[in-house]
Amino acid sequence: MAFEGLMVSVSGVRGRVGEALTPEIVTQFAAAFGAFSLARSNSNAIVLGRDSRVSGPMFHSAVVAALQSVGANIIDIGMAPTPTVQLAVEHHHAAGGLAITASHNPVEWNALKFIGPAGLFLDAAEGKAMRAYLDMGIPRASWDKLGVLTHDRDAIDRHIEAVLALPFVDVEGIRSRKFVVALDTCHGAGADIMQRLMERLGCVVHGINLEPHGRFHRPPEPVAENLGELCALVKKTGAVIGFATDPDVDRLALVSEQGTAIGEDWTLALAARVVLGQRPGPVVTNLSTSRILDDVAGRLGVAVERAPVGEVNVATRMRDLNAVIGGEGNGGVILPALHLGRDAPVAVALLLQLLHESGGTVTAIVSSYPQYRIVKDKLDRPEASLDVVYEALRRGFPDAVVDTQDGLRLSWDDRWVHVRPSGTEPIVRVIAEGPTEADARELVRRCREPLDALVGSI
Ligand code: MG
């Protein structure tokens, strides 16, 4: 079945509200997901949560009707972070979970994220099997077997308690520091859990953009260029750190005590320092994440494993390797001691633990490591296979370490470049990192040569 303008990825479906994404489309996918989940589970419960987007209540109604129509009992946790939905799926031993959220995408977007019974997003094979229901017809329940809607109002409370119970977090020690912190949740779903967690950790919290009304007044992705207000708030309040979350609270970005957005790659690297310092073990991230993680882990005697881009790819590799921590360079920290999902509340607790146990400032900690710059480029995806490009690059860089799990990644001791076709858009991404921006730009330029030649030859 084809859907015009809809972005269908491994574990989700997203689109602009009123264009590609309508209640009819959402209903079809939610019903297919419900039927798929119930068919492979002993449970007939599906956990449902949503972020703060204005379109959230409308799609919530559509999802509830769709799930009831296939006989799924809905456990509604209301407005909640995506990691809270994932934890609730595990808690209730449900057949699966649905999060209505377009994550960091702009205000006009919304989406469904599909969660399996273990609290992980659907992988490629599961996503394909689920979507097969769209083509073969969705089995609907008769009037006497329709699903029932119930509410679980404790999911966020449980999430907070679980974070505070983590072995890596010295709650009393952090409380004794009475940290002054700044918080920007961009009118997403994060204000409630973040404020309460920080207060339980003894912090004095200065917040902005906390009202969860979903009318984002800035692009909601927590990248440095969007965090000017938070930087100013840190300076004004004398906070020791600033925290920014995306609307569904699985990504966390940091602002230093000097009011500088330090870049999302540092979130995972600094969280890993805390965890590996206490419990050295496997670390997993994706192929496009900064090598600052390699430096941080390397000082603690640990080598970093890399998986293809996509949260589920990182999460399943972590499960297979029994990793102690992992995640993505976009501020997504995954701590298996709690669960295999990106979790901003977990990251906040680990960062406060770092400030507590190191006794230093964010700036001092960051400047004790090598500094890198990342440059990102993209171009329209050629019709022809990229294999000829990969061949040319391997010949052009004979001294590089080669990784072909996901496109082509070439790496050296202090730099790398990753060329990969996007999974959701008709583009090729070229991402490079080096000691300086000029180094990274040069790597991108060298990779663009065979790519541009291929586009020009068609
Ligand atoms: Mg997100």
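The values are calculated or read from the model by the stated rules, or taken from the named source; none is laboratory data. Just so it is clear, the model here is predicted, and its values are computed rather than measured. So basically every Cβ, Gly included, is an ideal-geometry build from the backbone, and we count neighbours across all protein chains shown.
Sub-6 Å Cβ pairs linking a first residue in the stretch 67-85 that is under 22 Å from Arg342 (Cβ atoms) to a second residue that is outside any loop (DSSP other than H, G, I, E, B) and polar (S, T, N, Q), at least 6 apart or interchain, are Ile75/Thr150, ordered by first then second residue.
Scanning the stretch 204-241 for residues that are over 19 Å from the mean Cα position of the chain (by Cα) and either outside the structural domain of His356 (by TED's automatic domain parsing) or surrounded by 24 or more Cβ atoms within 10 Å (Cβ to Cβ) (or both) yields Leu230, Val234, Ala239. Taking Ser37 as the residue in question, decide whether it is farther than 28 Å from Gln195 by Cβ, within 25 Å of the chain's Cα centre (by Cα) and among the hydroxyl-bearing types (Ser, Thr, Tyr). Spelling it out, Ser37 is indeed farther than 28 Å from Gln195 by Cβ, within 25 Å of the chain's Cα centre (by Cα) and among the hydroxyl-bearing types (Ser, Thr, Tyr). Have a look at Val284, Val249 and point out the one that is surrounded by 23 or more Cβ atoms within 10 Å (Cβ to Cβ) and assigned to a loop (DSSP other than H, G, I, E, B). That would be Val249, the only listed residue that is surrounded by 23 or more Cβ atoms within 10 Å (Cβ to Cβ) and assigned to a loop (DSSP other than H, G, I, E, B).
Exactly one residue out of Arg153, Arg131 is in contact with a helix residue (DSSP H, G or I) (Cβ under 9 Å, 6 or more places away or on another chain) and among the basic types (Lys, Arg): that is Arg131. Filter the stretch 111-124 down to residues that are away from the ligand (no atom under 15 Å from the Cβ) and either assigned by TED's automatic domain parsing to the domain that holds Pro219 or in contact with a Lys or Arg (Cβ under 7 Å, 6 or more places away or on another chain) (or both), then give me how many there are. The total comes to 0.
Restricting the stretch 328-340 to residues that are of a type outside the set (D, E, K, R) and under 16 Å from Ser103 (Cα atoms), the residue that is farthest from the ligand (Cβ to nearest atom) is Gly329.
One residue alone among His213, His217, His187, His206 is away from the ligand (no atom under 16 Å from the Cβ) and in contact with a His (Cβ under 6 Å, 6 or more places away or on another chain), and that residue is His213.
Can you pull out the strands (runs of 3 or more DSSP E) entirely within the stretch 322-440 that have at least 2 residues that are within 22 Å of the chain's Cα centre (by Cα)?
Working: elements: 325-328, 332-334, 373-380, 401-403, 408-411, 416-421, 427-434.
Hits in the stretch 322-440: 325-328, 332-334, 373-380, 416-421, 427-434.
Condition check ((1) within 23 Å of the chain's Cα centre (by Cα); (2) at pLDDT 95 or above; (3) within 16 Å of the ligand (Cβ to nearest atom)) across all residues:
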residue	(1), (2), (3)
Ser41	no, yes, no
Ala66	no, yes, no
Asn73	no, yes, no
Asp76	yes, yes, no
Pro81	yes, yes, yes
Trp109	yes, yes, yes
Ala132	no, yes, no
Pro139	no, yes, no
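Can you tell me which residue among Glu264, Glu257, Glu305 is of a type in the set (Asp, Glu), away from the ligand (no atom under 16 Å from the Cβ) and closer than 30 Å to Ala239 by Cα?
On the way: Glu264 fails: away from the ligand (no atom under 16 Å from the Cβ); Glu305 fails: closer than 30 Å to Ala239 by Cα.
Answer to the check: Glu257.
Here is the figure for the stretch 134-191: residues that are out of contact with any Ser or Thr (no Cβ under 8 Å at 6 or more places or on another chain), of a type in the set (Lys, Arg) and not in a helix (DSSP H, G or I) total 2.
You will find that of Asp343, Asp295, Asp320, the residue that is out of contact with any strand residue (DSSP E or B) (no Cβ under 6 Å at 6 or more places or on another chain), within 15 Å of the ligand (Cβ to nearest atom) and not basic (Lys, Arg) is Asp343 and no other. Here Gly310 qualifies as closer than 28 Å to Val89 by Cα and modelled with pLDDT under 95.
Condition first: more than 20 Å from the chain's Cα centre (by Cα) and either hydrophobic (A, V, I, L, M, F, W, C) or closer than 16 Å to Ser367 by Cα (or both). Can you find one or more residues in the stretch 280-292 that meet it? Can you show your working first?
Pass one, the stretch 280-292, residues more than 20 Å from the chain's Cα centre (by Cα): 280-281.
Next cut, either hydrophobic (A, V, I, L, M, F, W, C) or closer than 16 Å to Ser367 by Cα (or both) only: none.
Taking every residue of the stretch 280-292 in turn, none turns out to be more than 20 Å from the chain's Cα centre (by Cα) and either hydrophobic (A, V, I, L, M, F, W, C) or closer than 16 Å to Ser367 by Cα (or both).
Take Glu225 and tell me if it is more than 16 Å from the ligand (Cβ to nearest atom), closer than 26 Å to His187 by Cα and acidic (Asp, Glu). Answer is yes for this residue. Among the residues making up the stretch 46-64, those that are surrounded by 24 or more Cβ atoms within 10 Å (Cβ to Cβ) and away from the ligand (no atom under 16 Å from the Cβ) are Ile46, Val47, Leu48, Phe59, Val63. Glu199 satisfies every condition listed in (1) more than 16 Å from the ligand (Cβ to nearest atom); (2) farther than 27 Å from Gly359 by Cβ; (3) assigned to a helix (DSSP H, G or I) except (2). Pairing residues of the stretch 4-16 that are farther than 13 Å from Lys128 by Cβ with residues that are assigned to a loop (DSSP other than H, G, I, E, B) and among the hydroxyl-bearing types (Ser, Thr, Tyr), at Cβ distances under 7 Å and at least 6 apart in sequence or on separate chains, gives Met7/Thr424. In summary, Ser422 fulfils each of the numbered conditions (1) closer than 17 Å to Val388 by Cβ; (2) surrounded by 13 or more Cβ atoms within 10 Å (Cβ to Cβ); (3) not β-branched (Val, Ile, Thr) with the single exception of condition (1).
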